[in-house]
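The values are calculated or read from the model by the stated rules, or taken from the named source; none is laboratory data. This structure is a prediction, so every number in the text was calculated from the model and none was measured. Cβ coordinates were reconstructed from backbone atoms using ideal geometry, including for glycine residues, and neighbour counts include every protein chain displayed.
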Amino acid sequence: MSLVKNVGTIGGLTLVSRIFGFVRDMLLARVLGAGLAADAWQLAFTLPNTFRRLFAEGAFSVAFVPMYTRRLHAEEGGGEEAADAFAGDVLSVFVWVLLGFSALCMIAMPGIVWLLAREYQSVPGKFELSVMLSRVTFPYLALVSLVAMLSGVLNSRSRFAPGAIVPVLLNIVMIGGIITGWKLRGDSESDLVVAWALAISLTLAGVAQLTYMWWATRRAGVHLKVKTPKFTPEVKRLMMLMLPATFGAGIYQISQLVDTFFATSLPQGSLTLLKLADRLNQMPLGVFGIALGTAILPMLARHIQSGDKGEAQRLQSNAVEIAMLLCLPCAVALSICAEAFTAGIFQGGKMTPADTAIMGNIVIALVCGLPAYVLIKVFQPAFFSREDTRTPVFVAAFALAVNIALNFYVVPRYGIVGLAAATAITATLNVLTLYTILQIRGWFHFSGRLAGKIARQILATAAMGAALLWLTPALEPYWRGEAFSRIWSLSALVIAGAMVFFGMAFAIGALDKDLLGQLRRKRPISTESGPPNLSE
């Protein structure tokens, strides 16, 4: 299966999840607004999710998937039985590590919340509520980490759909939690009821996700068993690879914790506005960046294992081309239409126009780093597929140090918007450093063809930006109006921007016809000349 079709599968299902996520956050904004309970819930939601992305989907996946893939496709001593035996050994250790880590964190939760949000102690009841909600939500980490492992097993077998479906389950269950809390609250106006319903629904969502993934692996013919844990040489090697990968794959997540620390020191509601603004930034990042990173890692590992450096270069070049084709117009469109999207999607109920105005400025600052966020996901697999998890550590540590230093300067002066801008700046620094190292080592370089394609993409993006600069203020009365007016006006902005961009991109040759052809074929065409295809 080609990279394009893999990205299409993952990205398409992730898009469905993001749509449900927007419905969830739209309800959340209207029901809770940006007050005490909303901030406490955002912190309780951030903790298990950050650890999930950092350890389970970050460090664990980038170390586990290449090792599992090599055993699965090795000619000697490999195959499905050998690969599944390795996965079973990892699972047997992983379960107990997760249970122990979760229990320790739940016991130490007052200290963890104090480290991240000590300013909450100045608001009566806010610190205590944050601790209690975080204890309720933290078991989600163990559940979803097991989901990530099972997803890695299926991804290595080119079965990407189940892992991309599970976030949909999360959002559906949480939407149910918001509605349940809203119904239970009634006329009391007590936000605490909604916050508690959300916390409980998050853990229930983890149970639903794990149940589904266990069924999906069984259906795929993978039968893993939890047995007496043994630290085999392979398990020890996995753990050694995970340690540096925790930083190398998780710079964005580590930055999220740093941002949470600084955001909680700002006026009440700042953390909520930052997290909701990041939902808009996460739409293209999740649909394109994570999809590309997930799809490219096992494919790149197979090319490198076979010693085919040319195919590895082609695969990575095309991944960069796809990434820029998709995220450049998204970044420009979100920056121009930031106020329209924040007001049109989130404003209403307890979410005021003043709140959404601040949120719009946060979105503009965040999406300045969108190309960098996506390219990090594309470049890191070049290291991880070679079992080099150390190099990204130093790059991540350097970028994180710069991020913290910037935050100390910009947060007191520019508040929550400065905090978002610092994240974008350090992500750009991170990706430039990664690319420089890749080029020096001869693992990847920008070709003249790739540079030309990106230049054309920039021209198409500029044409789209000009159209949106004219159309957005013209539609302002509608995206600030009632529900139906908001829906059609925001849809008009999206459709108009897409039509201008893709029309212009097609006219000037920014779209690769071979890549488009692969979207319509199970097996891509092989050509003797011109751009290489992405097939395995």
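Brief remarks follow.
- Criterion (modelled with pLDDT of 90 or more and either within 19 Å of the chain's Cα centre (by Cα) or not in a loop (DSSP other than H, G, I, E, B) (or both)) met by exactly one of Val235, Val258, Val207: Val207
- Screening Tyr409 on (1) among the hydroxyl-bearing types (Ser, Thr, Tyr); (2) more than 15 Å from Leu274 (Cα to Cα); (3) in contact (Cβ under 8 Å) with a residue 40 or more places away in the chain shows it passes everything except condition (3).
- The residue of region 347-400 that is modelled with the lowest pLDDT, among those that are of a type in the set (Gly, Ala, Ser) and either more than 17 Å from Trp479 (Cα to Cα) or touching a Leu at 6+ places or on another chain (Cβ under 7 Å) (or both), is Ser385.
- Leading residue by the ranking (nearest to Leu266 (Cα to Cα)) among those in region 114-143 that are surrounded by 23 or more Cβ atoms within 10 Å (Cβ to Cβ) and of a type in the set (S, T, N, Q): Ser130
- Residue-level check: of (1) surrounded by fewer than 20 Cβ atoms within 10 Å (Cβ to Cβ); (2) under 30 Å from Arg219 (Cβ atoms); (3) hydrophobic (A, V, I, L, M, F, W, C), Ala103 misses just (2).
- Filtering Val374, Val402 for residues that are in a helix (DSSP H, G or I) and crowded, with 18+ Cβ neighbours inside 10 Å leaves a single hit, Val374.
- Region 340-373: number of residues that are among the hydrophobic types (A, V, I, L, M, F, W, C) and closer than 17 Å to Pro267 by Cα: 6
- Residue within region 72-80 that is farther than 30 Å from Phe261 by Cα, touching a residue at least 40 places away in the same chain (Cβ under 8 Å) and surrounded by 19 or more Cβ atoms within 10 Å (Cβ to Cβ) present: yes
- Residues located in region 465-510, provided they are outside any helix (DSSP H, G or I), surrounded by fewer than 20 Cβ atoms within 10 Å (Cβ to Cβ) and in contact (Cβ under 8 Å) with a residue 24 or more places away in the chain: Arg480, Gly509
- Answer residue from region 18-68, given it is polar (S, T, N, Q) and under 18 Å from Ser255 (Cα atoms) and is surrounded by the fewest Cβ atoms within 10 Å (Cβ to Cβ) among those: Asn49
- Test: residue in region 69-86 that is part of a helix (DSSP H, G or I), more than 24 Å from the chain's Cα centre (by Cα) and at pLDDT 85 or above: no
- Within region 214-225, residues that are over 11 Å from Ser151 (Cα atoms) and in contact (Cβ under 8 Å) with a residue 60 or more places away in the chain have Cβ atoms under 6 Å from residues that are of a type in the set (Gly, Ala, Ser) and surrounded by 12 or more Cβ atoms within 10 Å (Cβ to Cβ) in these pairs: Leu224/Ala87; Leu224/Gly88; Lys225/Gly88, counting only partners at least 6 apart in sequence or on another chain.
- Answer from Val363, Val332 - the residue that is over 20 Å from Gln256 (Cβ atoms), among the aliphatic types (A, V, I, L, M), in a helix (DSSP H, G or I) and under 20 Å from the mean Cα position of the chain (by Cα): Val332
- Looking only at region 153-204, residues that are part of a loop (DSSP other than H, G, I, E, B) and basic (Lys, Arg) come to 2 in all.
- Residues in region 215-232 that are assigned to a helix (DSSP H, G or I) and surrounded by 15 or more Cβ atoms within 10 Å (Cβ to Cβ): Ala216, Thr217.
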